[in-house]
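Presented below is the structure to which this report refers.
Each value in this text was obtained by applying a stated rule to the coordinates, not by laboratory testing. What you see is a predicted model; the values in this text were computed from it and never measured. Quick reminder, even Gly has a Cβ in these numbers, built from the backbone with ideal geometry, and neighbours come from all protein chains shown.
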């Protein structure tokens, strides 16, 4: 089984690269025949990816999210799933290239550095770990997509303002639609992050009541929670402008990235992977 | 008629070859096309005919006698049937034959020969030409197939290339720009200030997108009311524009005013009443109607004529870049038609040859009918049947093998027709 897992793990970056190529072709030329195969190709890749993660979990008898490489792979899978859902709901394929590029990068590094080793601390075999981390990963994926739409919004906004009509202008949906996407992606992200935070608090009390509540990771995630909370409240109550929503969503994701780098490289935290 | 050679021809003029006055002389309204078709089919050399007449072209598609003088004869035919065409006009007509004629119609129908590249209206006009010719019963199997193929090819070109996409007129570019800001124009209102031609056209396109409400403001209220009645819009007093800006999302400036109609301060005031909703200005007036400082306000976009032109030109360029792919599709369809034509050229010959030799056999057998007994007759029937099949096998095999090659097929068929004195393929019994 391990050799099959190895083959699938090598195959995944290749499949995502092919997807990226197809989405790229579709972005530059919507009439390209690639457009017809995108949905099925993405679905097949997701099924293969899910199969690889499931096999790894079965083989090692634990949730395959215990190392940074494993985390990246599950994050890539989660982003692909959330993206496919958004694409299906909004019937819009032109933005896929921006999302799939990051999915490919995540899976490439995951496949390159993954070590097939079943030995992980016992705590990471707990079902609570699975629910806590899964909901966190889903929320990160949703925030990631929200931030990508935020970037696209800012680019299109600036092109229209400055009357420089490039490929972004040609291939993007309207500002109002991008605005909607930022919000629609951020909302499930906020809900899952809330679930993850609550589960984390409960689990910490169960595992080690003496452990400090706040560490670098927790503080940054609270910041993310507040930022995306502001996006949701700002859109519905504060009637924030699209540009504000876009900037806030991008800022939220930057905080997530910074927290990853800092927690995993520079500080001691019980959230540190690997 | 003996085995004369027929081919497909197109003769006509378009916006590239003829000026408006000549095109006007040839233009026919749909009501007059049936009569003209009746007259044309009455010409001895014309076997099938269809007429395509639009404001940019008039073309006669015909299955016509193919001789060295075909183009002269076709031009004479045009002169006989369309008044005031002089011999000096000949240089402005184009004549295409066979494959080129097929290629021409397929390109025309796909909008590749249109004044605005890729414009889709021509597809409907070709469909009308086909319908009128079918009703007048002036087209047969060759033109019928050709026109259907042309319509199908145009559909493929539209779906597989971006040749019809993107606004290529300034007025339409304004709508395209608005659609890059607003998701669905039907939920938004627009205000047209002034009565400039491009502005009115842009407002008309917006109406075509089912905008919620169109307001029209003019220095003269009466003029605004008249225009509003004409465009199914609502007149707005000119002096109320600044106060009522919060009611609209798209503002088109198209006046001849010397000063700005709206200052940045007017727009700033209205934005506080808009709940951060976008406000989109299109300034197509010269001199400009809107203070350029408006564009620096948050959630406000101001695009002028230059921007619209840029959008239109970029789209036109993109359409041109699609031309090679579009022509590849057309070429493939032309090959398909030519292959089909090759089969059509050969099929009647096969039938006619079998029929003729069969008749000779029957005639010879009949001479012996009363001179031999039934058993003998039966043997002779079988013998001649086998003999005939064996003799026919060679020319049939040759014709069938050349069916796919439209170059050799018709030639072989022609030789056989001459040798066996078969009837012309268009006048089979």
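Given region B:6-165, report the % of alpha carbon pairs whose separation exceeds 23 Å. Looking at region B:6-165, the distances longer than 23 Å represent 32 percent of pairs. Scaled against the 2.2 N^0.38 Å expected of a compact globular protein of N residues, the Cα radius of gyration of the protein assembly as shown reads 1.37. Exposure proxy for A:139, B:76: other Cβ atoms within 10 Å of each Cβ, ordered fewest to most, give B:76, A:139. At an R0 of 25 angstrom, the distance between the Cβ atoms of residue A:92 and residue B:210 translates into a FRET efficiency of 0.70. Spatial offset of region A:163-183 relative to region B:1-61 amounts to 48 Å, using the alpha carbon center of each. Taking one quarter of the surface of the convex hull spanned by the alpha-carbon atoms of region A:1-70 gives a direction-averaged projected area of 5.2 nm². Seen through its C-alpha gyration tensor, with square-root eigenvalues sorted a ≥ b ≥ c, region B:41-96 comes out oblate because a/c lies at 1.5 or above while a/b is not bigger than b/c.
If a spin label sat at a point 7 angstrom from the Cα of residue A:28 along the line to its beta carbon, the backbone N atoms of region A:153-172 nearer than 16 Å would be those of A:167-168, A:170-171. Roughly what would the spin-label model give for residue B:276 and residue B:128, points 7 Å off Cα along C-beta, in nm? Result for the modelled spin labels: 5.0 nm.
Net length available on complete extension from residue B:390 to residue B:67 is 112.6 nm, with 0.36 nm assigned per residue and the Cα-Cα distance removed. The long axis of helix B:374-402 is offset from the longest Cα principal axis of chain B by roughly 40 degrees. Of all beta bridges that DSSP places with both ends in the protein assembly as shown, some 45 percent have antiparallel geometry. The calculated FRET efficiency for residue B:32 paired with residue B:148, based on their beta-carbon distance and R0 = 22 Å, is about 0.35. What the Cα atoms of chain B give is an Rg and a Dmax of 32.1, 116 Å. Note on B:73-82: average number of Cβ atoms from other chains within 10 Å of each residue's Cβ is 0. Our summary of shape: the Cα atoms of region A:135-274 have principal axis extents of 58, 32, 20 Å, ordered from largest down, in whole angstrom.
Modelled spin labels at residue B:86 and residue B:362, positioned 7 Å past Cα toward Cβ, are 6.1 nm from each other. A Förster radius of 56 Å, combined with the Cβ-Cβ distance separating residue A:161 from residue A:126, puts the computed FRET efficiency at roughly 0.65. Using only the Cα atoms of region B:72-226, build the gyration tensor, take square roots of its eigenvalues as a ≥ b ≥ c, and label the shape rounded, prolate or oblate: rounded if a/c is under 1.5, else prolate if a/b is larger than b/c, else oblate. Prolate shape, in that a/c is at least 1.5 and a/b is the bigger ratio.
Relative contact order for region B:170-308 using alpha-carbon pairs under 8 Å, separation at least 6, rounded to a whole percent?
23
On the principal axes of its alpha-carbon atoms, region B:204-301 has extents of 35, 31, 22 Å, going from largest to smallest.
Listed by Cβ neighbour count within 10 Å, with the fewest neighbours leading, A:19, B:302 appear as A:19, B:302.
Our helix-only sum for the protein assembly as shown, with -39,500 (n - 2.57) per DSSP H run of n ≥ 4 divided by its residues, gives a mean residue ellipticity at 222 nm of -21000 deg cm²/dmol. Axis of helix B:99-109 versus longest Cα principal axis of chain B: the two differ by about 30°, to the nearest ten degrees.
Each part reduced to its alpha carbon centroid, region B:65-94 and region A:205-238 end up 84 Å apart. Seen from a random direction on average, the alpha-carbon convex hull of region B:274-335 projects onto 6.8 square nanometres. Model label sites at residue B:263 and residue A:85, defined 7 Å from Cα along the beta-carbon direction, differ in position by 5.2 nm.
Listing B:271, A:152, A:1, B:231 from fewest to most neighbouring C-beta atoms within 10 Å gives A:1, B:231, B:271, A:152.
At full extension, residue A:191 and residue A:205 could sit 2.9 nm farther apart than now, given 0.36 nm per residue minus the alpha carbon distance.
Could you list log10 I(q)/I(0) for region A:1-125 at q = 0.14, 0.19, 0.21 Å⁻¹, which the Debye formula gives when each Cα is one point scatterer? Summing over Cα pairs of region A:1-125 leads to -0.59, -0.96, -1.12.
So what's the angle, to the nearest 10 degrees on a 0 to 90 scale, between helix B:121-135 and the longest Cα principal axis of chain B? Orientation of helix B:121-135: about 40 degrees from the principal axis. For the options B:376, B:306, B:43, a Gaussian network treatment of chain B with springs between C-alpha atoms closer than 10 Å singles out B:376 as fluctuating the most. Annotation: the antiparallel percentage among DSSP beta bridges lying fully within chain B is about 45.
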